[in-house]
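First the structure, in the form of structure tokens, and then the observations on it.
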Amino acid sequence: MGSRKPSANAKRISAFKAGLGSSDDLFIREERRQGALDACREEARRERACERKKRYASRADAEEAARLCAEHGRRGLRCYKCSYCGGWHLTSKALRG
Ligand SMILES: [Zn+2]
């Protein structure tokens, strides 16, 4: 095991540190990417839950619409207050529990 050159060792250490630094950057980039992805998912969720749906100004309006739908064979709709727009929408998702 002979020829350890201190300078080579120092080079290796600084390379190692540089490697750590870049993996931190990678981690931060990954975090940001994840954040963008979450924003994207949130956007998709809002579109499904809110923007694509008809909006009712009040619970009574939404319930009336659900009742009319039921009369026309579209049963099982319920209304919910939208946390995105503050209006009311109808959903066919069953309530459980
Ligand atoms: Zn909405």
Scanning segment 50-60 for residues that are within 13 Å of the ligand (Cβ to nearest atom) and more than 13 Å from residue 86 (Cβ to Cβ), the one surrounded by the most Cβ atoms within 10 Å (Cβ to Cβ) turns out to be 53
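Go through segment 34-75 and give me each residue that's assigned to a helix (DSSP H, G or I) and aliphatic (A, V, I, L, M). Before you say what the answer is, go through the steps one by one.
Filtering segment 34-75 down to residues assigned to a helix (DSSP H, G or I) leaves 34-51, 59-71.
If the condition is that a residue be assigned to a helix (DSSP H, G or I) and aliphatic (A, V, I, L, M), then 36, 37, 39, 44, 49, 60, 62, 65, 66, 68, 70 are the ones that fit.
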Tell me, please, whether a residue that is at pLDDT 95 or above, within 15 Å of the ligand (Cβ to nearest atom) and loosely packed, with under 12 Cβ neighbours inside 10 Å can be found in segment 66-85.
-> no
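The values are calculated or read from the model by the stated rules, or taken from the named source; none is laboratory data. Source: prediction; values computed, not measured. All Cβ positions, glycine included, derive from the backbone under ideal geometry; neighbour counts span all protein chains shown.
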